[in-house]
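In what follows, a single structure is set out as structure tokens and then discussed.
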Amino acid sequence: MASRNSSRVLTDHDEIRSWAEERDARPSAVQRTHTDDSVGIIRLDFPGYSGENSLEEIEWDEWFDKFDDNNLALVVQDETAGGEKSNFNKIVSRDSVESGGSSRSRAKKSTSSRGSTTKKSSARSQSRSTASGKKKKSKSTSHRRAA
């Protein structure tokens, strides 16, 4: 069983609401994105934190509609490493945290967003995988530079 300070993923409305209300968090939307036609970007607002001037409280029904329509999940931490109640939370795509595909989904997303940095990392990983691969990689790289 995971320790209380490790994160867990919530998608059940009752669990999310219970977790938030235990911490006095309120369902909110980022003010500059909230219009009459759209809830905008959703967040959980914790009293006394930085959201005071940038978040607008909304109804739980509105919050969950946006949450479900966008196939989101809430990653939470129940307790800090020191044993205190944690407010840590992050709204993420359910696809990025579903069991079995979570590391692959994150890897694909990071590969496309990092571009050449990831290509260099992949090349390094590939060249480390086998000694012969490493030798071939080195020769082809030096050959290209000379050409």
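Each value in this text was obtained by applying a stated rule to the coordinates, not by laboratory testing. Small disclaimer: the values here were computed from a predicted structure and weren't measured.
Listed values, structure above:
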| read-out | value |
| --- | --- |
| Prolate/oblate/rounded call for region 34-86, Cα gyration tensor, a/c under 1.5 rounded | oblate |
| Average silhouette area of region 7-96, convex hull of alpha-carbon atoms, in square nanometres | 6.0 nm² |
